[in-house]
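Take a look at the structure set out below.
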Amino acid sequence: MINSDNMANSFDISVHSLAGNGRDGLCSGHLPLAQTEEGRRAPSLTVDDHAKQQATFYLETFGCQMNEHDSEKVAGVLLARGYKQVESVEAASVVLYNTCSIREKAAQKVFSRLGEFRFAQRQDQLIGVLGCVAQQEGEKIFTRAPWVNLVCGSASYRKLPQLLAELEAGNRRVTGLETDTDETFETEVTRRDNPWRAYLTIIEGCDKACSYCVVPFTRGPERSRSSASILEEVRKLAGAGYTEVQLLGQTVNSYADPSARGMRFSELLVAVAEVQGIRRVRFTTSHPRDFGKDIVEAMETVPEVCEHVHLPVQSGSTKVLRAMARTYTRDEYLEKIAMLRAAKREISLTTDIIVGFPGETDKDFEETLSLLDAAQYDGAFSFKYSPRPNTPSLKIADAIPEEEKSRRLALLMEKQREIQRARNEKLVGRHFEVMVEGKSRRENQWSGHTSSNKVMNFTSREQESLGDYLQVKVISATPNSLVGEKLSVAAIYGV
Ligand code: 5AD
Ligand code: SF4
């Protein structure tokens, strides 16, 4: 898991080969897509045509797991309205892009998609921009791409049914752009991609105001979901056969139960893990400031809470951390790591790092490299600093040239690769529980994740069932994955 700007998905730590538990789940009914004001993008279909033709949507997602999960909820809302999900733009009556603006490259991707669509668009097609670029650019999207019909940020997804109704009634420009909400987007109709691992957002938005980050602008203020509603959903998920739950939030451990019960994040972890049928509970992303001993204790005492923490450090230099407004020093961060390393369970640790923040000197960068040695991460997502609209860091002088950012990124990735190689090689000979998540085209080859979130590619001569949990012995290692073979029952019990 050495990742960089060049890779598509910054948080992507899951195997996607299993996606799809009935994408067309709720597809029935017909949608009366009416005439628009100008008739331009209006579906020119008669009522009779509609009776024959079902409204369809294509949804493409960019960015983090929060966005992926938002898309699962958005898809659920559309399916419940009678739309059918399709796998190509051509086959869709509504084309939706759920966008990411964390770095400029991600945001640009959306505009190139919109450009492509302009030439491919049919008369009867509508197009919507959702997510962070929608929130960031707002109505300006209509100026830049006048063929867009819907612009909606994540803080307004609760309004989606209403916005869809407006589109269906013929409105040609529909927006949901408010961020001053204290509500979270909850829906009964989420259409999840993976039949065993369920994402579940427990806190939306972010109040941390790191000086480089657009998230507080694009996702609005922190809003936590009530513990009762989270636990009810987890019970339903367990009943539906899910065994792994991944709790999501930009700062998941800043969770603050809004109900009278007032559960702390660590208590919620335990309560989720205690739901019958749940074997694994993951959580991401944690902010170092709110990462307390109580979370480590929950991990120590409850085996269902997975032994992995994603704890973004961003920089190893206290001076840069201060300029980033991260609210901790290098030493304070290292104390958190020491606390994790002292836990009774072995906990794997991953991080995010930004190189080339304005004013980052060679010495500051050296401190980030030396922090890698000290922290011994099992994975690191590293990024070149990208100036983002509205963020305070735009005003910081002393920008680092692009080539220098690239040089630092390459050095950092190379160093981290060697750390991971050494750490993974130490695991050879040990065995771990793995959830079977994918089958390779190669005979007898399977893949899955350990509780510590390491990718395990393994051999088994049996016909395994996806979603099962097996014991796998590590026989070799690479910087990014483990290679293993399934342990027979006899080997596990030493007979
Ligand atoms: N430039 C580069 N990387 C960024 N991140 C957030 N904002 C920026 C930016 N402006 C990175 C941080 C964060 C991760 C999700 O993306 O490392 O933890
Ligand atoms: Fe952005 Fe900082 Fe909030 Fe993370 S904690 S989403 S980096 S502002």
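The values are calculated or read from the model by the stated rules, or taken from the named source; none is laboratory data. Values in this document were obtained by computation on a predicted structure and should not be read as measured data. Please note: Cβ atoms are built from the backbone with ideal geometry, for glycine as well, and neighbour counts cover all protein chains shown. Ligands, DNA and RNA are stripped out before the accessible areas are found, and what is left, the full protein with its side chains, is counted by its heavy atoms. Shrake-Rupley method; radii C 1.70, N 1.55, O 1.52, S 1.80 Å.
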Original post:
Given the structure, is Gln463 within 19 Å of Ser488 (Cβ to Cβ) and exposed (fewer than 15 other Cβ atoms within 10 Å of the Cβ)?
Top reply: yes
**OP:** Assess whether Ala238 counts as being more than 13 Å from ligand 1 (Cβ to nearest atom) and open to solvent by 10 Å² or more (accessible area, probe 1.4 Å).
**Re:** yes
Subject >> Among residues of the range 110-146, those that are more than 21 Å from Leu177 (Cβ to Cβ), of a type in the set (S, T, N, Q) and loosely packed, with under 11 Cβ neighbours inside 10 Å, counted >> reply: 1
Original post:
If you check Asn194 against the conditions, is it surrounded by 15 or more Cβ atoms within 10 Å (Cβ to Cβ), under 22 Å from the mean Cα position of the chain (by Cα) and in contact (Cβ under 8 Å) with a residue 40 or more places away in the chain?
Top reply: yes
**OP:** Go through the range 268-286 and give me each residue that's open to solvent by 10 Å² or more (accessible area, probe 1.4 Å), closer than 23 Å to Leu311 by Cα and in a loop (DSSP other than H, G, I, E, B).
**Re:** Arg279, Thr285
**OP:** Among the residues of the range 342-396, count how many are more than 10 Å from ligand 1 (Cβ to nearest atom), touching a strand residue (DSSP E or B) at 6+ places or on another chain (Cβ under 7 Å) and polar (S, T, N, Q).
**Re:** 3
**OP:** Keeping to the range 356-395, report how many residues are in a helix (DSSP H, G or I), in contact (Cβ under 8 Å) with a residue 24 or more places away in the chain and away from ligand 2 (no atom under 14 Å from the Cβ).
**Re:** 12
Original post:
How many residues are open to solvent by 20 Å² or more (accessible area, probe 1.4 Å) and on the phi > 0 side of the Ramachandran plot if we restrict to the range 421-460?
Top reply: 2
Original post:
Within the range 241-267, can you find the residues that are part of a loop (DSSP other than H, G, I, E, B) and more than 16 Å from ligand 2 (Cβ to nearest atom)?
Top reply: Gly241, Tyr242, Thr243, Asp257, Pro258, Ser259, Ala260, Arg261, Gly262, Met263, Arg264
**OP:** Provide a single number: the residues in the range 299-355 that are assigned to a loop (DSSP other than H, G, I, E, B) and within 15 Å of ligand 2 (Cβ to nearest atom).
**Re:** 9
Original post:
If you go through the range 315-322 one residue at a time, do you hit one that is touching a residue at least 40 places away in the same chain (Cβ under 8 Å), within 26 Å of the chain's Cα centre (by Cα) and surrounded by fewer than 21 Cβ atoms within 10 Å (Cβ to Cβ)?
Top reply: no
**OP:** Return the pairs, sorted by first residue and then second, in which the second residue is within 16 Å of ligand 1 (Cβ to nearest atom) and assigned to a strand (DSSP E or B), the first residue lies in the range 85-103 and is within 14 Å of Gly128 (Cα to Cα) and open to solvent by less than 10 Å² (accessible area, probe 1.4 Å), the beta carbons are less than 6 Å apart, and the residues are 6+ apart or on different chains.
**Re:** Asn98/Thr61
Original post:
Looking only at the range 213-234, which residues are more than 13 Å from ligand 2 (Cβ to nearest atom) and either touching a Pro at 6+ places or on another chain (Cβ under 7 Å) or of a type in the set (A, V, I, L, M, F, W, C) (or both)?
Top reply: Ser224, Ser226, Ala228, Ile230, Leu231, Val234
**OP:** May I ask you to list the residues in the range 208-222 that are in contact with a helix residue (DSSP H, G or I) (Cβ under 7 Å, 6 or more places away or on another chain) and more than 15 Å from ligand 1 (Cβ to nearest atom)?
**Re:** Gly220, Glu222
